[in-house]
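Right, one structure below, let's go through it.
Bear in mind these aren't lab numbers, they're just calculated from the coordinates by the rules spelled out. Source: prediction; values computed, not measured. Heads up, the Cβs are rebuilt from the backbone with ideal geometry, glycines too, and the neighbour counts pull from every protein chain shown.
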Amino acid sequence: MRIETIETIERLFEVELAWDELYKSDPHAHVYLSSDFLCSVAIRVAGKFRILVAWSDDGRCVGLLPLIVTTRWSKPENCLVNVLDMLGHVFDSDYTGILCDPAHEPEVCRALAAEISRMPFARIILNYFSGPASRLEAFTGAFDSKTFGHKANEHLINEGQTNNLICPYVELPDTFDAYLAGLSANSRQKLRRLLRKLDSDPTLQIKKSRPETFTQDVTILSKLWYLKHAEQKGRKRATRLAELFKDVAMLGLANGMVYLAILWRDGKPIAAQANYIDRVRREALFHVAGRDDAVRDLSAGLMLQAHCIRWAIANRLKRYDFTVGNEPYKFSLGGVERRIVSAEVFTRSGTNIGDKLDQSSREDVLHLIRQLAGKGREVEARTAAGQAAATWPDLKLDGELSAISPD
C-alpha cells in the first residue's frame, strides 16, 4: 500500500474519479467526505490542506483522510505548534471521518498513521468522527505510544443539556403518510395541523432557493440565524458564524448539494433551513436553520422541518439525518439515536515532531508573530521568531518585526 499526500488543487482534480469510486464503496461515507464538498473547501484554503490518499498495489484508491494544517501558540509549551484538523470541520461540516474500503480498513488506518507520524505536528483533532468506532480506534491506536498519546473529547452545549455526539436520524418510508404513522399520536396530529395550514393559508408560502435568488436567500438564512443566536453566543462570535453559514450555503447551492427552503408570511421571511443532499447515499442532512422569534402564533421552525421531511420523501430519499445534537424535537419527529465520537492524537512532548514548523505554515507563523509583537508580548514574539528562523533560514523579518528579529 502506498500513501500519497496531496497538496495541490490540480492533483485533487486528477484523483476525483478514483475518490468518487471509493465514496460509493464505503457504507459509512457521508456528504462531508465527498469530492464535491471537500474540493470546494480545499480551493478556499489552498496551500494549507493535506489530503492523504491510500493506493492499493493494483492502483485502486482504498482510503482517504482530509486534513488542514493550522498554527497556534501553545501556552503550556511556550512555543508555536502545528495542529492537524479535519479539513471539512474548519468549513462547518457536521461530520468528519476517514473514507475507507471496508476490505482494507485496518491496513489503511495503519498506513495513514505511519505517514502522519513523519509530519511536523503537535496534535491531530478528530472531532465529530462519523464512522465505525473500529476505524477511529485502528487509526489512533497505530501511533507509537512512546511518542504519542490519544484521548476522547466530549461536546456538551446548552449548559450540558445537549450532547452533540448524539445524532438522531429517521429511515424514510415511501410515503409521507407512512412516515406520520410511525410518530406518536401527538406529533402526528401536530404535523398534520401545521401542514394543512401551510397548504391552505394563502399568506404562507415556502420557496425553494433558485440560482436567481441564491444571494438573497443565503442572506435571509444568515440573518434569521443571527437574530436567534446573537444574544446566546455573543454578537462578535455570532457575526462570524453567520458569515460562515452564508458562505457555506452559497457554496452548497452552487454545487447543487444544498436544499434551502424559506418560509414566507405576508411577503416576509420568517424561517429558513438548509439541508445537504447526498444523492449517492440518498440522504438529507439537516445543516442550519433560523427563524424569527417575534412570530409567536405559529411554529414556523417545526412547519419548515416537516416540509423538508415531506420534500425528502417526495424526492425518494431514504434517510433524514438531524445531525449533531440530541434536542428533544428530533426524537418527537421520529429520530433514532446514533452516536459519533471525537478524539485527538497528541505528542507527549507537547511540541512538534522534529521541533520544526510545517513548511506550509510560513504565512500563518508570520501573522502570529505580528500579533504577539503588536500585543506587547515581546518574549513570546522572540521565541516564535526563533522558531521561524530555524525552519526557514532565509526568512527576513522586516518592518514592525525587525525589533524582535532573533539575531
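So here's what we get for this one:
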quantity	calculated
Loop trypsin sites (Lys or Arg not before Pro), the range 203-289 (other Cβ atoms within 10 Å of the site Cβ: 13 or fewer; DSSP)	ARG279
Helix 235-255 axis, angle to the chain major axis (alpha carbon atoms, nearest 10°)	80
The range 51-67-the range 301-322 distance, computed between alpha-carbon centres (Å)	34
Residue-averaged 222 nm ellipticity for the chain, from DSSP H runs of 4+ at -39500 (n - 2.57), nearest 500	-12000 deg cm²/dmol
Where only C-alpha atoms are counted, convex hull volume of the range 166-332 per residue in Å³	121
Packing-based order for 389-396, 87-94, 355-362, using average beta carbon neighbours within 10 Å, highest first	87-94, 355-362, 389-396
Fraction of antiparallel bridges per DSSP, the chain only, in percent to nearest 5	90
The range 86-171: GluC sites (Glu not before Pro) in DSSP loop, at most 10 other beta carbons within 10 Å	GLU154, GLU159
Cubic angstrom per residue, convex hull over Cα atoms of the range 65-114	104
Highest to lowest packing among 188-197, 32-41, scored as the average C-beta count within 10 Å	32-41, 188-197
Equivalent ellipsoid semi-axes, the range 1-121, via Cα gyration tensor eigenvalues times 5, rooted, Å	24, 17, 13
Near-label residues of the range 153-190 by backbone N, under 14 Å of a point 7 Å along Cα→Cβ of ALA133	153, 166
Per-residue Cβ neighbour rank within 10 angstrom, fewest leading, SER184, SER130, SER74	SER184, SER74, SER130
Viscosity 0.692 mPa s, temperature 37 °C, Stokes-Einstein D of the chain from Kirkwood C-alpha radius, µm²/s	141
Nearest 10 degrees, 0 to 90: helix 185-200 Cα axis against the chain principal axis	80
Euclidean distance of C-alpha centroids, the range 205-233 and the range 334-401, integer Å	35
Packing-based exposure ordering (other Cβ within 10 Å, fewest first) of VAL45, VAL379	VAL379, VAL45
On Cα atoms only, tilt of 378-391 relative to the major axis of the chain in degrees	80
Magnitude of the charge dipole, the range 158-266, Cβ model with Lys/Arg +1 and Asp/Glu -1, debye to 20	420
The chain, relative contact order in percent, only Cα pairs under 8 angstrom and at least six apart counted	20
For q = 0.14, 0.17, 0.23 Å⁻¹, Debye-computed log10 I/I(0) when each Cα of the range 146-249 counts as one equal scatterer	-1.01, -1.20, -1.13
Cα-centred dipole magnitude for the chain, charges only on beta-carbon of K, R (+1) and D, E (-1), debye, nearest 20	1500
Ordering of 174-180, 213-219, 146-152 by packing [mean C-beta count within 10 Å, highest first]	213-219, 174-180, 146-152
Lys/Arg +1, Asp/Glu -1 at C-beta; the chain dipole; positive extreme among GLY256, ALA178, PHE214	ALA178
